[in-house]
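Take a look at the structure below.
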Amino acid sequence: MRCGSVRKTMSSGRRRIFSYDQYISKRSLLRRPSAIRELQPLLTIPGMISLGGGMPNKEMFPFQRITAELKDGTSIEIVTPETVDEALQYSQTPGIPRLLRHLEDIQSREHGRSSETTRICVTTGSQDALAKAFDMLLNDGDSLIIESPTYSGSLAYLEPMSCHLVGVETDQDGMIPSQLEDTLVYWDSRFPGKRKPKVLYTIPTGGNPTGATMPNNRKEEVYRICQRHDLLILEDDPYFYMQFNQSGRDSSRSTRTKSFFSMDSADGRVVRFDSLSKLLSSGIRIGFATGPAELIERLELHSQSTTLHTSGISQSLVASYFDHLESSNPGESGFYDGFIKHVNTISDFYLARRDVFLASAEKHLIGLCEWNTPSAGMFVWLKINGCENSRDLVKTKGLEAKVLFVPGESFYPCTSGPSPYVRAAYSTASYEDIDEAVRRFACLIKS
């Protein structure tokens with residue numbers, strides 16, 4: 001299967017040919033559909049008798065039902081033959097239809113993008129989708145635009161790929177557009193012999209590690225730069241629903257920053273990565289990638305040869321919870337309204353924790369560190385004044401004092417050298433422990 005050329009309508013009204021072939025890695029172009037996996041959607045055809053696949057007989061599964069109790073006492077049961085089979089048997093690589101229906105509703109209502117122009121694939125957490133996207137789009141020696149600093153988990157996958165990672169400086173509002181434009185315009189003189197990048201990777205909301213959130217006007221500017229230089233955008237956005245600066249507490253998407261995905265109705269240059277780890281459960285390992293069908297289908301080819309599909313039990317449990325939200329909130333927008341109520345509760349929870357951390361920082365770290373106030377997520381990026389390298393302070397002295405942070409160098413490519421920054425996460429420690437941790441950290445800096 002090769003990605004063909006796709007004709008798109010641009011916002012200016014003119015039309016252009018947008019071919020994905022130039023972006024796909026050699027490895028990915030060699031992937032072919034699995035003969036066995038291709039049979040899976042055909043099993044839903046009424047009257048179909050299959051002697052083709054190697055599916056185990058469900059009569060031998062020892063499980064009869066799956067029950068999960070919510071914290072409000074409500075029970076969710078996977079008990080009908082259809083839903084039990086859905087959870088326990090092999091299923092389609094993109095995801096079980098019951099879950100995909102809800103995810104399509106979220107992407108349509110939140111980002112204004114329909115399943116007619118995009119495709120969704122459920123993955124084993126968004127990290128799984130990111131790794132497969134990097135594999136799909138990058139050859140050895142290719143260049144990739146990243147934020148400086150960026151998520152250490154992505155760096156851990158990218159660096160062994162022999163990629164040329166080019167960091168673009170960030171500030172309290174995320175990636176700086178002028179720095180991005182400058183990097184691309186003067187690429188040949190700055191990086192002679194290096195391939196010009198074709199992909200940009202960004203964490204635009206509550207960035208990990210900086211906590212920065214890119215405002216709408218900056219996103220629009222970055223998007224225009226990517227149009228001019230023909231870059232795809234990988235939008236890694238696990239903290240999107242954990243935004244604190246909402247003007248209202250309803251289900252209107254206008255209360256959150258716009259996504260790159262929402263701006264991309266004409267070009268088809270954005271692949272978006274969402275995660276339910278921060279919203280439902282990290283252990284349940286459910287993420288999903290959304291983007292142009294040609295790219296998502298190729299990502300699915302990778303899944304067909306590795307995981308086959310994401311855990312059916314996890315998918316079915318999430319789908320059943322979403323069904324519960326739908327039935328508990330009558331009306332045309334019932335599920336989405338229930339989902340937004342849920343994520344607003346989460347946002348309020350982390351906002352309170354952020355404020356506790358910042359109060360402790362004001363009490364203990366004034367004059368010792370500098371930081372910005374995050375408007376989403378669960379991280380604060382601290383710069384230690386007068387420090388060139390935070391590693392020893394964090395990994396040796398911090399361990400002795402029983403306080404854990406992550407040294408800043410972990411969020412830059414390994415060739416970047418030392419960093420005066422540390423990442424603090426205010427997500428799990430109690431209010432009292434947050435204050436004690438910050439106090440201990442201040443003592444370490446002073447010692």
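The values are calculated or read from the model by the stated rules, or taken from the named source; none is laboratory data. Keep in mind the model is a prediction, meaning the values are calculated, not measured. As a convention, Cβ positions derive from the backbone with ideal geometry for all residues, glycine included, and neighbour counts pool all protein chains shown.
Before moving on, here are some points about what is shown:
- Number of the exception - residue 274 against (1) of a type in the set (D, E, K, R); (2) farther than 21 Å from residue 83 by Cα; (3) over 18 Å from the mean Cα position of the chain (by Cα): (3)
- Residue 161 being aliphatic (A, V, I, L, M), surrounded by 20 or more Cβ atoms within 10 Å (Cβ to Cβ), touching a residue at least 12 places away in the same chain (Cβ under 8 Å) and closer than 25 Å to residue 202 by Cβ: no
- Applying a threshold of 9 Å to beta carbon distances and a minimum spacing of six or more residues, or different chains, the list of pairs starting in segment 53-67 at a residue that is in contact (Cβ under 8 Å) with a residue 40 or more places away in the chain and not assigned by TED's automatic domain parsing to the domain that holds residue 85 and ending at one that is of a type outside the set (A, V, I, L, M, F, W, C) and part of a helix (DSSP H, G or I) reads 66/83; 66/316; 66/320.
- The residue list 155, 137 contains one member that is modelled with pLDDT of 95 or more and crowded, with 21+ Cβ neighbours inside 10 Å, which is 137.
- Residue satisfying condition, being exposed (fewer than 13 other Cβ atoms within 10 Å of the Cβ) and more than 30 Å from residue 162 (Cα to Cα), within set 447, 375, 360, 427: 447
- In segment 349-371, the residues that are outside the structural domain of residue 242 (by TED's automatic domain parsing) and under 14 Å from residue 427 (Cβ atoms) reach residues that are surrounded by 14 or more Cβ atoms within 10 Å (Cβ to Cβ) and among the β-branched types (Val, Ile, Thr) with C-beta atoms within less than 7 angstrom, at least six apart or across chains, in these pairs: 356/434; 357/380; 357/434.
- Qualifying residues in segment 169-188 (those that are touching a Pro at 6+ places or on another chain (Cβ under 9 Å) and part of a strand (DSSP E or B)) - the one surrounded by the most Cβ atoms within 10 Å (Cβ to Cβ): 175
- None of 306, 310, 345 is closer than 21 Å to residue 281 by Cβ and assigned to a loop (DSSP other than H, G, I, E, B) except 310.
- Considering only residues in segment 288-342 that are β-branched (Val, Ile, Thr) and under 18 Å from residue 127 (Cβ atoms), the one that is surrounded by the fewest Cβ atoms within 10 Å (Cβ to Cβ) turns out to be 306.
- Filter pass, residue 37 being closer than 17 Å to residue 303 by Cβ, buried (at least 17 other Cβ atoms within 10 Å of the Cβ) and modelled with pLDDT under 95: yes
- Checking each residue in segment 128-161 for being under 25 Å from residue 308 (Cβ atoms) and acidic (Asp, Glu) picks out 128, 135.
- In segment 145-165, the residues that are assigned to a strand (DSSP E or B) and either more than 17 Å from the chain's Cα centre (by Cα) or of a type in the set (S, T, N, Q) (or both): 148, 164, 165
- Hey, residue 346 among the β-branched types (Val, Ile, Thr) and closer than 19 Å to residue 99 by Cα or not: no
- Among the residues here, residue 186 does not qualify as without any contact (Cβ under 8 Å) to a residue 60 or more places away in the chain and closer than 21 Å to residue 289 by Cα.
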